[in-house]
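Remarks on the structure that follows.
The values are calculated or read from the model by the stated rules, or taken from the named source; none is laboratory data. As the structure is a computational prediction, the values presented were derived from the model and not from experiment. As a convention, Cβ positions derive from the backbone with ideal geometry for all residues, glycine included, and neighbour counts pool all protein chains shown.
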């Protein structure tokens, strides 16, 4: 079945904030995101540019596959790095490489962990935790779930997004922390009114 993604922009007259409306027709779901259309497009493009720059860097420096387990999340040009690398040297290096890229990020948040050689990362469990949190966010009326990205690495949950108010900001962390298997929640959520936006 084909999924048609619909992207519309609306002007909210009361606040003159452009809102992105993304809908998947086959599920009948419409989502309004607290981000300008141009920012959403830029975030997607910037994520791709960062990935390309990292691959290019690896090839030039003959260190292939050192950053394969690093995930990149971008919201409003705030870059969150999660996942694992084999040493502190590569954790520092990925951070510098992202700052050196052409993206000109507002912020780079380095939450990359050093891989535990004795314990393999349980990606299936991490994916299940992320799915449960996203489902719980969608079920809560007080959480605009579409404004958040949820990433889980070794049972630590990272939240990146935009909260309407402090109540919603606290609620997202609280909901995430109550999911079975979660050991820690790290929130990089900003308020809708934050001047950094």
Please determine whether any residue of segment 120-140 is more than 27 Å from residue 172 (Cα to Cα) and either touching a strand residue (DSSP E or B) at 6+ places or on another chain (Cβ under 9 Å) or surrounded by 19 or more Cβ atoms within 10 Å (Cβ to Cβ) (or both). no
Within segment 74-87, can you find the residues that are within 21 Å of residue 104 (Cβ to Cβ) and touching a helix residue (DSSP H, G or I) at 6+ places or on another chain (Cβ under 7 Å)? 74, 75, 76, 77, 79, 81
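So which of 112, 74, 108 ends up being without any contact (Cβ under 8 Å) to a residue 40 or more places away in the chain, crowded, with 18+ Cβ neighbours inside 10 Å and in contact with a strand residue (DSSP E or B) (Cβ under 6 Å, 6 or more places away or on another chain)?
Working: 112 fails: without any contact (Cβ under 8 Å) to a residue 40 or more places away in the chain; 74 fails: in contact with a strand residue (DSSP E or B) (Cβ under 6 Å, 6 or more places away or on another chain).
Exactly one of 112, 74, 108 is without any contact (Cβ under 8 Å) to a residue 40 or more places away in the chain, crowded, with 18+ Cβ neighbours inside 10 Å and in contact with a strand residue (DSSP E or B) (Cβ under 6 Å, 6 or more places away or on another chain), namely 108.
So if I check each of 71, 126, which one is in a strand (DSSP E or B), out of contact with any helix residue (DSSP H, G or I) (no Cβ under 9 Å at 6 or more places or on another chain) and closer than 24 Å to residue 44 by Cα?
On the way: 126 fails: in a strand (DSSP E or B).
Checking each option against the conditions leaves just 71.
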Given the conditions (1) more than 20 Å from residue 150 (Cα to Cα); (2) at pLDDT 95 or above, report the number of the one that residue 70 does not fulfil. (1)
Can you confirm whether residue 171 is in contact with a strand residue (DSSP E or B) (Cβ under 7 Å, 6 or more places away or on another chain) and either without any contact (Cβ under 8 Å) to a residue 40 or more places away in the chain or assigned to a loop (DSSP other than H, G, I, E, B) (or both)? no
State yes or no: is residue 134 in a helix (DSSP H, G or I) and either at pLDDT 95 or above or within 14 Å of the chain's Cα centre (by Cα) (or both)? yes
With the requirement that a residue be surrounded by fewer than 16 Cβ atoms within 10 Å (Cβ to Cβ), in contact with a helix residue (DSSP H, G or I) (Cβ under 8 Å, 6 or more places away or on another chain) and closer than 21 Å to residue 77 by Cα, what does segment 165-197 give you? 191
Residues satisfying the stated conditions in segment 178-195, i.e. within 17 Å of the chain's Cα centre (by Cα) and not in a strand (DSSP E or B): 192
